[in-house]
C-alpha cells in the first residue's frame, strides 16, 4: 500500500477523463492501434503530455505480449552511413510507437551477431533489425533462426530473407556515367574495405558502367573509408596523372567510394599542385553535410537514410502483422557540384 498522502500514480482512466474519451480509446492510442481518428489521437496525446502520464510498459507487455521494442544490431557506428541509418531507424520506430534498443558489435563475426540477436530475443523484443555490411556478420544472417522477425538492412537484395537497402550499384553507375558524359575517357576508382558489401557494390557498379561504355577499367586503389586512406590514394593518383601526361594515357577523373576519403584525396591533389576539376574531376558517395563546403564543393551520390529507416520499420511492422512486404531498393541521387567538369583535350604528343 502507498503511504497516506503519497501521490497516486496516473492511470489510463485519468487520461481518458482529461481527454473526454473512453479508457479503451486511450489504450488504443498508447498501443499504436491504427483504428483511431486523427483528431481523437491528437486529443489523447495532448492529454498524456499535459498530465505527464507514463504507460507501465511491463504491465502492458504482460497483457499484449508486446514490449513495443525493436532491437538493432549494428557495427562501425563511428562511420557516417551506419550512424545515419541508425538515426533514420530510430525516428521511424518512434513515429510508429516503438522504442529502439541498440547493440553495437565489437567485431564483425558470426558469433558476435548470433550472441546479439539471442540477447535481444531473451529481452522479449518484438523484432530485430541487423545493420552490418561486413564479413561473417552478414553471412551469419542467412543462417540465423529467430523466433521474432529478423530484418537485414543495407545487405542488398536477398530472396531468402527480408531486406531493405540503398542500391549501391546504381549509385556508382550514376557517378561513373556523369564523368563519362563530361568527356572523360575512363574513370579511376578508390574503393572501400574489401570485406564491405557496400564497397563491393559500388566497385561493381563502377566496373559495369565502364564496361557498358566500352571504356578501359583502370586498376583500383583500396581505402578504409577514412580521409587518411583517401589522402594516400590521392598521392598515388597524382603520380598516375604525371605519368599519364608523359605517356599520353591521361588520368582525368576519379570516383571515390565515400565523401570522407574524397576529402583526403582533394587535400592530396591540392598539395601535389593539381586543380579540381581543372586537372582531375572527383565524385564522392554519401553526401555528408560538409560535402557542399569542401574545396571545391563535392559532386557526390546521396543516400536517403531517413527513407531507408522508414522502409526498415515498415518491413518490421508488416512482418509482425503477418503481412507480405515487397521491398524495393531506395534509389540514390547524384548531386552535381563544383568538383566535376569537362575533360581537358588530350595533349598533342607529336608537338
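Bear in mind that the values in this text are calculations on the coordinates, not laboratory data. Since the structure is predicted, the reported quantities are computational estimates derived from the model, not experimental observations. Using ideal geometry, Cβ is built from the backbone for each residue, glycine included, and neighbour counts are taken over all protein chains shown.
Here are the numbers for this structure:
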item	result
In nm, spacing of pseudo-spin labels at residue 104 and residue 321 (7 Å Cα→C-beta vector)	3.4 nm
Antiparallel DSSP beta bridges within the chain, percent to nearest 5	10 percent
Angle in degrees between helix 38-51 and the longest Cα principal axis of the chain, rounded to the nearest 10	80 degrees
Helix-only CD estimate at 222 nm, as mean residue ellipticity for the chain, using -39500 (n - 2.57) per DSSP H run (n ≥ 4)	-14000 deg cm²/dmol
Residue among 16, 152, 83 with the largest mean-square fluctuation in a Gaussian network model of the chain, springs linking Cα atoms under 10 Å	16
Rounded to 10°, Cα long-axis angle of helix 227-247 versus longest principal axis of the chain	20 degrees
Gaussian network model of the chain, springs between alpha carbon atoms under 10 Å - residue of 127, 253, 292 with greatest fluctuation	292
Cα-based helix-to-principal-axis angle, 197-212 vs the chain, degrees rounded to 10	40 degrees
Spin-label pair residue 50/residue 35, simplified geometry with 7 Å Cα→Cβ offset, distance in nm	2.8 nm
For the range 270-293 versus the range 153-216, the gap between their alpha-carbon centres in whole angstrom	19 Å
Residues 40, 85 arranged by fewest to most Cβ contacts within 10 Å	40, 85
Residue 78-residue 242 pseudo-label distance in nm [points 7 Å out on the Cα-to-Cβ vector]	3.3 nm
Packing rank of 257-265, 275-283, where each peptide gets the mean count of other beta carbons within 10 Å, highest leading	257-265, 275-283
Packing rank of 170-179, 222-231, where each peptide gets the mean count of other beta carbons within 10 Å, highest leading	170-179, 222-231
